[in-house]
Amino acid sequence: MTTGIVLRALSALFLPPSIRGYAVDFVSTMEACAYFFENNFVLAHYGSFWFAVAIVIQCFICARTFGESSENPVKAIHHLILVQTLAGLASYRFAKLVWALDLISDHHERYYEASCESDLHVTLLMGFLIEMCACLSETWLSMQTVSSTPILDELIKYINAAIMITIGFTTTGMYFNPAMASGHTLGCHGTALWEHFFVYWLGPFLGCFVALQINKLIHFDVTKRAVESSHDKKLK
């Protein structure tokens, strides 16, 4: 977290505006992806509940430290997707720097791993649908206002994401973030390159597109409803 904050601050201070946005997106994407390398250790040692709690806490941290930058290419289609993809891949190298410190036995084992296994443990089509629906749910809910209390609104959305990740972790890894999926599993044994992009890139982008269309038809904003209700009472 501290590394990300420092790098974003330095980028804002010293980089020209033309590339500043790409630089902070790179840093935020790398940081978010690196967090989830550590989540595997939480799941292995403390179980699903604390795994979900860790995800919610990380979501709050990201929301308060990333500023205007984005960690997910699906959320920033207008930016250069390549930047965030490279950041996802760079997150593995960043994680290895942390593992090199040998803080816990798990870090030692991960540092000396020579190969990786794919997180796709269902059929190709099922994996595509899972990643698509997860991104659809997360994207659509992020555009709604489900509570007039901002922190509660955030908490509901983060819990939704944490539940989806916890339940779907054993199926696809439940990334619904293309850069993160590539940083964690691109080139791993068990999934061909085109299969990886079909499941972890096409799925989430299609899910995002569908969510945008659904939002045009179904949109909730409890704050507007409260204002309208108050206005109606005054008229009566």
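The residue that is surrounded by the fewest Cβ atoms within 10 Å (Cβ to Cβ), counting only those in region 137-194 that are aromatic (Phe, Trp, Tyr) and over 21 Å from Asn39 (Cβ atoms), is Trp194.
For Ser91, the test of being more than 23 Å from Thr223 (Cα to Cα), modelled with pLDDT of 60 or more, of a type in the set (Gly, Ala, Ser) and surrounded by 14 or more Cβ atoms within 10 Å (Cβ to Cβ) is passed. Residues that are free of Cβ contacts under 8 Å to residues at least 60 places away in the same chain, within 20 Å of Thr29 (Cβ to Cβ) and either among the acidic types (Asp, Glu) or in contact with a helix residue (DSSP H, G or I) (Cβ under 7 Å, 6 or more places away or on another chain) (or both) occur at least once in region 199-220. Among the conditions (1) under 21 Å from Ser142 (Cα atoms); (2) at pLDDT below 75; (3) in a helix (DSSP H, G or I), the only one that Glu71 does not satisfy is (3). Scanning region 101-117 for residues that are within 18 Å of Gly183 (Cα to Cα) and either charged (D, E, K, R) or at pLDDT 70 or above (or both) yields Arg110, Glu113, Ser115, Cys116, Glu117. The set of residues in region 133-158 that are farther than 30 Å from Ala192 by Cβ and assigned to a helix (DSSP H, G or I) comprises Trp140, Leu141, Ser142, Pro150, Ile151, Leu152, Asp153, Glu154, Leu155, Ile156, Lys157, Tyr158. Only one entry of Ile130, Ile165 meets the criterion of being at pLDDT below 95 and assigned to a helix (DSSP H, G or I), and that entry is Ile165.
Going through (1) under 18 Å from Asp119 (Cα atoms); (2) modelled with pLDDT under 85 one by one, Leu43 falls short only on (2).
Pairs meeting the criteria (first residue in region 18-33 and over 19 Å from Leu186 (Cβ atoms), second residue in a helix (DSSP H, G or I), beta carbons under 6 Å, at least 6 apart or on different chains) are Arg20/Ser11; Tyr22/Val83; Ala23/Ser11; Val24/Arg8; Val24/Ser11; Val27/Gly4; Val27/Leu7; Val27/Arg8. Taking the condition at positive phi, part of a helix (DSSP H, G or I) and out of contact with any Gly (no Cβ under 6 Å at 6 or more places or on another chain), does Gly47 pass? So Gly47 fits the description; yes. Within the set Ala76, Ala63, the sole residue that is modelled with pLDDT of 80 or more and either within 25 Å of Thr139 (Cβ to Cβ) or surrounded by 15 or more Cβ atoms within 10 Å (Cβ to Cβ) (or both) turns out to be Ala63. Can you tell me which residue is surrounded by the most Cβ atoms within 10 Å (Cβ to Cβ) among those in region 12-43 that are out of contact with any helix residue (DSSP H, G or I) (no Cβ under 7 Å at 6 or more places or on another chain) and more than 22 Å from Ile159 (Cβ to Cβ)? Selected residue: Gly21. Regarding Leu120, is this residue surrounded by 17 or more Cβ atoms within 10 Å (Cβ to Cβ) and at pLDDT 90 or above? Criteria met by Leu120.
The values are calculated or read from the model by the stated rules, or taken from the named source; none is laboratory data. This structure is a prediction, so every number in the text was calculated from the model and none was measured. Positions of Cβ are backbone-derived with ideal geometry, glycine not excepted, and every protein chain shown enters the neighbour counts.
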